[in-house]
1. So which residue, out of S82, S73, S48, gets the largest mean-square fluctuation from a GNM of the chain using Cα contacts under 10 Å as springs?
2. Could you tell me which residue out of S7, N45, N62 lies farthest along the dipole of the range 1-89 toward its positive end? Charges go on the beta carbon: Lys and Arg +1, Asp and Glu -1, centred on the Cα centre.
3. Can you give the helix-only mean residue ellipticity at 222 nm for the chain, where every DSSP H stretch with n ≥ 4 adds -39500 (n - 2.57) and the sum goes over all residues, rounded to the nearest 500 deg cm²/dmol?
4. Taking the Cα centre of the range 10-92 as origin, sum charge times position over the Cβ atoms of Lys and Arg (+1) and Asp and Glu (-1), and report the length of that vector in debye to the nearest 20.
5. Would you grab the residues whose amide H sits under 5 Å from the one on T35? Only those 5+ places off in sequence or on another chain, please, with H modelled 1.01 Å from N.
6. Run the accessible area of the chain with a 1.4 Å probe and give the carbon-and-sulfur part as a rounded percent.
Amino acid sequence: MDLRLNSHNMDLTPRLRNYVEKKTGRLDRYMPNLTEVHVDLSHENARSANERQVAQITIRDNRGTILRAEERSHDMFAAIDSVIDKLYRQIK
């Protein structure tokens, strides 16, 4: 599985990188043919403080299936948890 991690308008700390690697590493259990995971983390200037941290994840498998989910939250770790939950529901 190839993990690509991008951040926009924010610093990617080692703690945040490890958290994303841990959470996305579990996707192999549900999609054994997983080839690529693309994670975009960004901070946006929005009026609502609840929607400033954005996490987007796109996954691909070797059969050509593409799944994508996006979540906005006030906390980046909460956004990552929510977007991973969305992907689990899509996989099922």
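1. Comparing S82, S73, S48 in a Gaussian network model of the chain, the most mobile one is S48.
2. Highest projection toward the positive end goes to N62.
3. Counting only the DSSP helices, I get -10500 deg cm²/dmol.
4. In total the dipole reaches around 260 debye.
5. Amide H to amide H, under 5 Å and 5 or more residues apart or across chains, T35 pairs with R60, D61, N62.
6. 40 percent
The values are calculated or read from the model by the stated rules, or taken from the named source; none is laboratory data. Quantities reported herein were computed from a predicted structural model and do not represent experimental measurements. Methodologically, a virtual Cβ is constructed for each residue, glycine included, from the backbone with ideal geometry; neighbour enumeration extends over all protein chains shown. With ligands, DNA and RNA removed, areas are computed over all heavy atoms of the protein, side chains included. Shrake-Rupley method; radii C 1.70, N 1.55, O 1.52, S 1.80 Å.
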